[in-house]
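The values are calculated or read from the model by the stated rules, or taken from the named source; none is laboratory data. No experiment lies behind these values; they were computed from the predicted model shown. Here Cβ is always computed from backbone atoms with ideal geometry, including for glycine, and neighbour counts include all displayed protein chains.
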Amino acid sequence: MLGLADIRDWLKTLNNKADNYYIGKLDNKNDKSIGVYQGKNTISPRITLGGRENSSYEVKAITILIHWNLNARETEEFSYKLYQELLKQNSVVINNHRIKMIKLITNEPIDIGTDEKNVYERVIDLEFYYERNER
């Protein structure tokens, strides 16, 4: 299984660095944070002809929340750089799963406005297509 914590830890290895990385709730909502959440789009189980044991890959839908700072431009720029870095990924292995493809769902990070402290936020929705290790 490819988990949220696995993806969070992988994001830490990329060039665009945040100060904080989370799964689930953003503790204290610190600036310059990235949160990794289960994606909202529903994907049915992948079962091939012949049964589950013949399925070679799974799909993990993810939403990345970029909770950045009080500057809309800086938030947009960081989010775009992260998006571009995700686009360029190849030969990725996360938690012993070879990632066949990272599919970005939108053509850019989506502006979702500000939180209650006026910190600008954006989201990147994506899907990880990864090889199953368990059969």
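Do we have ILE99 as out of contact with any Asp or Glu (no Cβ under 7 Å at 6 or more places or on another chain), surrounded by 12 or more Cβ atoms within 10 Å (Cβ to Cβ), among the β-branched types (Val, Ile, Thr) and more than 16 Å from PHE128 (Cβ to Cβ) here?
On the way: out of contact with any Asp or Glu (no Cβ under 7 Å at 6 or more places or on another chain): yes; surrounded by 12 or more Cβ atoms within 10 Å (Cβ to Cβ): yes; among the β-branched types (Val, Ile, Thr): yes; more than 16 Å from PHE128 (Cβ to Cβ): no.
The answer is no for ILE99.
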* Would you call LYS25 without any contact (Cβ under 8 Å) to a residue 24 or more places away in the chain and farther than 15 Å from ILE124 by Cα? -> yes
* Structure fact -> Going through the stretch 118-135 in order, the residues found to be at pLDDT 95 or above and either of a type outside the set (Phe, Trp, Tyr) or not in a strand (DSSP E or B) (or both) are ASN118, VAL119, GLU121, ARG122, VAL123, ILE124, ASP125, LEU126, GLU127
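Could you please give the count of residues in the stretch 36-71 that are among the hydrophobic types (A, V, I, L, M, F, W, C), over 19 Å from the mean Cα position of the chain (by Cα) and at pLDDT 90 or above? Walk me through how you get there before you give the answer.
As a first pass, look at the stretch 36-71 and keep what is among the hydrophobic types (A, V, I, L, M, F, W, C): 36, 43, 47, 49, 59, 61-62, 64-66, 68, 70.
If we keep only those that are over 19 Å from the mean Cα position of the chain (by Cα) too, we end up with 47, 49, 70.
From what is left, the residues that are at pLDDT 90 or above are 70.
Counting residues in the stretch 36-71 that are among the hydrophobic types (A, V, I, L, M, F, W, C), over 19 Å from the mean Cα position of the chain (by Cα) and at pLDDT 90 or above gives 1.
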* Verdict on ILE102 being within 13 Å of the chain's Cα centre (by Cα), in a strand (DSSP E or B) and farther than 14 Å from SER33 by Cβ -> yes
